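Before any comments, here is the structure.
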Amino acid sequence: MPQQLTFVPPERRLIIEAAQLPEPDYVAVSWLLCTEYYGLDPDATLTADGIRAADSPNRRTAIKGHGPLRLHVMKVSPVWDWRIRHVRAALAENRCPLPVDYEMFNRTFDGLDLRFLAPIKERFPRDYERSLEWFPLADLELFRAGL
């Protein structure tokens, strides 16, 4: 997010641009985790996600077009055709709790917009303050909403 200067004050722009921070993509992050963290061969290790075709029209289109197995990024979506009740049953059966994200947002945290910032500010005020250290203008999301 710093690369797009989202919620960053103008005076930090030159510093951020001068740093030329890399913006890793999915493949780079997966490779790093496999090699550096887990000691696995990234060319022989698939990463599984929880994406379902029923999650959104965009996901349905992507899965119809590319399928649930994408070897070029070493990724598989094993629950792509499950209903949400099947996912929840499998998680419960295997005693795999959902992260707090689902309790707070009913989805995975994925951005600095009102859907995420307001619940974080309410439930985890120290984390919210830490976010503002990095993205001080993120508070404008709550201001615009009158919160």
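Details
- The angle between the Cα long axis of helix 125-134 and the longest principal axis of the Cα atoms of the chain comes to about 70 degrees, rounded to the nearest 10.
- Near residue 147: Cβ cut-off under 13 Å, other residues only, Lys/Arg at +1 and Asp/Glu at -1. The net charge is -1.
- Accessible surface of region 99-147, 1.4 Å probe, proportion on carbon and sulfur as whole %: 55
- Option label - volume of the Cα convex hull per residue in Å³ computed here, alternatives [x] 170; [y] 123; [z] 110: [x]
- The heavy atoms of residue 6 offer some 50 square angstrom of accessible surface to a 1.4 angstrom probe.
- Rolling a 1.4 Å probe across the protein heavy atoms gives region 47-147 an accessible surface of 73 Å² per residue.
- Scanning residues 5 or more positions from residue 52 or on other chains, none has an amide H under 5 Å from its amide H, with H placed 1.01 Å from N in the peptide plane.
- Secondary-structure-derived ellipticity at 222 nm for the chain, considering helices only, amounts to -12000 deg cm²/dmol, per-run term -39500 (n - 2.57) for DSSP H runs with n ≥ 4.
- When you restrict to C-alpha pairs under 8 Å that are six or more residues apart and normalise by the size of region 1-106, the relative contact order lands at 19 percent.
- Sites residue 18 and residue 59 - FRET efficiency at Förster radius 30 Å, r taken between beta-carbons, to 0.05: 0.20
- Between helix 84-93 and the chain there is an angle of about 80 degrees, using the helix long axis and the longest principal axis of the Cα atoms.
The values are calculated or read from the model by the stated rules, or taken from the named source; none is laboratory data. It should be emphasised that the depicted structure is a prediction, and the values quoted were computed from it without experimental measurement. Using ideal geometry, Cβ is built from the backbone for each residue, glycine included, and neighbour counts are taken over all protein chains shown. Just so you know, the surface numbers come from the protein's heavy atoms only, side chains and all, with ligands and any DNA or RNA stripped out. Shrake-Rupley method; radii C 1.70, N 1.55, O 1.52, S 1.80 Å.
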